[in-house]
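The values are calculated or read from the model by the stated rules, or taken from the named source; none is laboratory data. Note that the structure is predicted; figures quoted are calculated from it, not measured. When we count neighbours, we look across all protein chains shown, and the Cβ atoms used for this are built from the backbone with ideal geometry, even at glycine. Calculation scope for accessible area: heavy atoms of the full protein, side chains included, ligands and nucleic acids excluded. Shrake-Rupley method; radii C 1.70, N 1.55, O 1.52, S 1.80 Å.
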Amino acid sequence: MYVVPGSASRGIADHLVRELSASEADVEIRRFIDGECYVRIKSDLRGEDVVIVQNTYPDENIIEALLLLSATKDMEPNSVTLVVPYFGYARQDRKFQDGEAVSAKVMAEILGNYADLVVLVDPHKEYITDFFGTKAISCSAIPEIARYMERMNIDVVIAPDKGAVDRARRLSELLGCESDHLEKTRLDDEVVEIKPGSIDVKDKVVAIIDDIISTGGTMARAVEEMVRQGAKEIHVACTHGLFIGEAIEKILGSGAREIISTDTIENAYSKVRVAPQIASVLRESIPKLKYL
Ligand code: R5P
């Protein structure tokens, strides 16, 4: 088995090489002076099971993923798996208004054309896996986040909005505590309004979990609400830490003790590794792709 490291996901690709006892493909990836992407795979991938690892965020990484997929497929491997630790455009997963493009579907359809299997990590909505036109599955960072939080004595896990309810419930089950969700109304790209949930968090150690932290507006408001209710300690966690602009300052400034994210997007808060979860999905799924 070969792992092809995309330039946006080198860390996870390295972990997967070790977890799967695979070989790392020798790949040249560079940009021409005008910014266009060039890729060349130097390893011979003929007859191999190949795992390409590449985030599809920001836009330029989508092009790189497509070029890596195409170059791999041309070598007639046994199977091609695309692992997308952070699948961009996932939040536009339906038409919210007439005339909009369903961006998640467009990206999925294009990428899915080249792969026998796509693996996503905590996609914004589970049904995004149905958009790929090829076999696509998701795995979750929640078990690894739970392991990280094991000794924090969390009393309650909070979802900052309804969309995060299942994630909060799963984390709370693994931590053996209760869960609740807040009511979020988005006023614009950066501003949200948060209304309380039903559990009393006074004097409790709280974890707030979401799939993505982008501008930090959602988390900052959720933390403020917990502070207002008298929570003793607040830990904030997400799978995908985009941390745009002043996101970190906003969240810590609103009273969070700690920010935890995974390494799907590597940053100073990547305290949790997702490779073990991805590797276990690949170990189970790739043997079923064998055509030789
Ligand atoms: C949206 O539904 C997502 O799950 C996150 O809540 C959202 O992307 C967070 O964005 P921001 O950090 O900009 O509030």
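Residues that are modelled with pLDDT of 95 or more and hydroxyl-bearing (S, T, Y) were ranked within region 189-220; the one that is nearest to the chain's Cα centre (by Cα) is S214. From (1) of a type in the set (A, V, I, L, M); (2) part of a strand (DSSP E or B); (3) away from the ligand (no atom under 13 Å from the Cβ), pick out the condition that doesn't hold for I194. Status for I194: all satisfied but (3).
Among the residues here, Y127 qualifies as aromatic (F, W, Y), farther than 30 Å from R257 by Cβ and in a helix (DSSP H, G or I). When region 145-159 is filtered for residues that are buried (at least 19 other Cβ atoms within 10 Å of the Cβ) and touching a strand residue (DSSP E or B) at 6+ places or on another chain (Cβ under 7 Å), the ones remaining, listed by number, are I145, M149, I154, D155, V156, V157, I158, A159.
Within region 208-237, the set of residues being among the charged types (D, E, K, R), in contact (Cβ under 8 Å) with a residue 60 or more places away in the chain and under 14 Å from A168 (Cα atoms) comprises just one member, D211.
Of the residues making up region 108-122, just one is of a type in the set (V, I, T), closer than 18 Å to L67 by Cβ and buried (at least 24 other Cβ atoms within 10 Å of the Cβ), namely V118. Taken together, E233, E249, E225 contain a single residue that is open to solvent by 50 Å² or more (accessible area, probe 1.4 Å) and either under 23 Å from V272 (Cβ atoms) or not hydroxyl-bearing (S, T, Y) (or both), which is E249. Within region 146-159, restricting attention to residues that are in a helix (DSSP H, G or I) and either within 11 Å of G176 (Cβ to Cβ) or modelled with pLDDT of 95 or more (or both), the residue that is farthest from the ligand (Cβ to nearest atom) is E150. Only one of the numbered conditions (1) touching a residue at least 24 places away in the same chain (Cβ under 8 Å); (2) closer than 22 Å to E109 by Cα is not met by I12, and that is (2).
Only one of the numbered conditions (1) at pLDDT 95 or above; (2) part of a strand (DSSP E or B) is not met by T185, and that is (1). Residues in region 130-144 that are closer than 22 Å to L242 by Cα, of a type outside the set (S, T, Y) and either outside any helix (DSSP H, G or I) or within 16 Å of the ligand (Cβ to nearest atom) (or both): C139, A141, I142. Tell me, please, whether a residue that is within 10 Å of the ligand (Cβ to nearest atom) and at pLDDT 95 or above can be found in region 168-181. The answer is no, given that none of the residues of region 168-181 is within 10 Å of the ligand (Cβ to nearest atom) and at pLDDT 95 or above.
I'd like to check something: does region 69-82 contain any residue that is over 23 Å from I278 (Cβ atoms) and not hydrophobic (A, V, I, L, M, F, W, C)? Checking region 69-82: at least one residue is over 23 Å from I278 (Cβ atoms) and not hydrophobic (A, V, I, L, M, F, W, C). For the condition away from the ligand (no atom under 16 Å from the Cβ), open to solvent by 10 Å² or more (accessible area, probe 1.4 Å), touching a residue at least 12 places away in the same chain (Cβ under 8 Å) and basic (K, R), what is the one hit in K105, K162, K125, K184? Answer to the selection: K105. Considering I154, I142, I110, the condition of being on the phi < 0 side of the Ramachandran plot and touching a Cys at 6+ places or on another chain (Cβ under 8 Å) is satisfied by I154 alone.
In region 1-35, what residues are acidic (D, E) and either within 19 Å of D74 (Cβ to Cβ) or not assigned by TED's automatic domain parsing to the domain that holds S70 (or both)? Listed by number, the residues that qualify are D26, E28. Go through (1) within 25 Å of R147 (Cα to Cα); (2) open to solvent by less than 10 Å² (accessible area, probe 1.4 Å) one by one and return the number of the condition T218 breaks. All conditions are met except number (2).
Could you please find all residues in region 36-56 being among the hydroxyl-bearing types (S, T, Y) and surrounded by 21 or more Cβ atoms within 10 Å (Cβ to Cβ)? First the steps, then the outcome.
Here is the first cut: in region 36-56, the residues among the hydroxyl-bearing types (S, T, Y) are 38, 43, 56.
If the condition is that a residue be among the hydroxyl-bearing types (S, T, Y) and surrounded by 21 or more Cβ atoms within 10 Å (Cβ to Cβ), then T56 is the only one that fits.
One residue alone among I286, I234, I278 is closer than 16 Å to V206 by Cα, among the β-branched types (V, I, T) and either assigned to a helix (DSSP H, G or I) or in contact with a strand residue (DSSP E or B) (Cβ under 6 Å, 6 or more places away or on another chain) (or both), and that residue is I234.
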